[in-house]
1. Of all DSSP beta bridges located in the chain, what percent are antiparallel, nearest 5?
2. Which value, in debye to the nearest 20, gives the size of the charge dipole of segment 1-134 about its Cα centre, when Lys and Arg are +1 and Asp and Glu are -1 at the Cβ?
3. Would you mind telling me the share, in percent, of accessible area of the chain contributed by carbon and sulfur at probe 1.4 angstrom?
4. Would you mind checking the tilt of helix 278-289 against the longest principal axis of the Cα atoms of the chain, expressed as 0 to 90 degrees and rounded to 10?
5. Rounded to the nearest 500, what is the chain's calculated 222 nm mean residue ellipticity when only DSSP H runs of at least 4 contribute -39500 (n - 2.57) each, over all residues?
6. Could you grab the Rg to Rh ratio for segment 193-281? Cα atoms only, Kirkwood for Rh.
7. Looking at segment 239-333, which trypsin sites (Lys or Arg not before Pro) are DSSP coil and have at most 11 other C-beta atoms within 10 Å of their C-beta?
8. Working out 0.36 nm times the residue gap between ALA261 and ARG27, then minus their Cα-Cα distance, what length gain in nm do you get to one decimal?
Amino acid sequence: MVGLGRMGSNMVRRLMRAGVRCAVHDRSRDSVAALVREGALDAGSPAGFLKSLAKPRHVWLMVPAAVTDAALDELAQSLEPGDTLIDGGNSHYQDDLGRAERLAKRGVRYVDCGVSGGVFGLERGYCLMIGGDADVVARLEPVFMALAPGKAAASPTPGRASKGTADQGWLHCGPHGAGHFVKMVHNAIEYGLMAAYAEGFNLLHHAGAGRDARAVDAETAPFRHPEFYRYDFDVAEIAELWRRGSVIPSWLLDLTASALAGHKDLAKFSGQVADSGEGRWALAAANDLGVPVHVLAASLFGRFASRGESEFQDRVLSALREQFGGHAEKTTA
């Protein structure tokens, strides 16, 4: 395992628990040392894998997408025909095609693997979306089985006839790039689900606005029935309520309830929401394919706005209102 960040380290731990022998490498010697104390082997350098792993070697990268190519090219120099490089980061699926072709010239195999599970994967297991040649994926099955949640993670789907591995929590989705394509769409859906919960709880949060005095002037939309909006909802309790018996439960709702417990105002957060690229790539694919993705697009643009990227366009709107109607801009405290 190359890259011992939040997910890489716990993936090594889960593999070792299942009896998979692991050698580790990271620029952080502390991260390496921690896993060596737990039974991992210290590869020392990319070349160290040659000494610590039996042929054919399998090297899993868990590094940021921006540095994947550099890490991959460095490792490829130390590997031999028949060895395999697995990219488990959030890479663009189109990059996988070029990487597979480049490595094939050296006789090195390539697998792209989208990994979902976050910091909870050590105990819950990791959902694995895999792309690559079938024979290499089959060879790596013990590794995928060790990382995946297993059948016990969810009840069987009534009427499901497939005898594949999806109910184990891992799936060979297709040729090179297929794993990261599926993970890209997975993360775009994640954006949409998170946005839906956030907007719903925000609506509950503002449902008491009718109790407050509201300006009466030409620049303020009238509040015709403030008596309809005088609720004081405990959003933390509602999140807890919806986890039981409602039609919108999910792990994301569980996490929402956890975040709100004792911190209803979420004051420690600025509200600036990052995006790591998958939502953008999903929109690009949707554009190429002519597929409408209204919710996914809105959730991505919401993240842009949260970081202040709409500030200038908002100023343009204010300027236009002043230009055509003489409307003075109202500021809020």
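The values are calculated or read from the model by the stated rules, or taken from the named source; none is laboratory data. Just so you know, these numbers come straight off a predicted model, no measurement behind them. Note that we place each Cβ from the backbone using ideal geometry, even for glycine, and neighbour counts take in every protein chain shown. Note: areas computed on protein heavy atoms with side chains; ligands, DNA, RNA excluded. Shrake-Rupley method; radii C 1.70, N 1.55, O 1.52, S 1.80 Å.
1. Rounded to the nearest five, the antiparallel share is 25 percent.
2. Roughly 460 debye, rounded to the nearest 20.
3. Carbon and sulfur: 57 percent of the exposed surface of the chain.
4. Approximately 90 degrees, to the nearest ten.
5. -13500 deg cm²/dmol
6. 1.06
7. Details: sites: ARG243, ARG244, LYS264, LYS268, ARG280, ARG303, ARG307, ARG315, ARG321, LYS330; in loops: ARG243, ARG244, LYS264, LYS268, ARG307, LYS330.
Counting only loop positions with at most 11 other Cβ atoms within 10 Å, the trypsin sites (Lys or Arg not before Pro) in segment 239-333 are ARG244, LYS268, LYS330.
8. 80.6 nm
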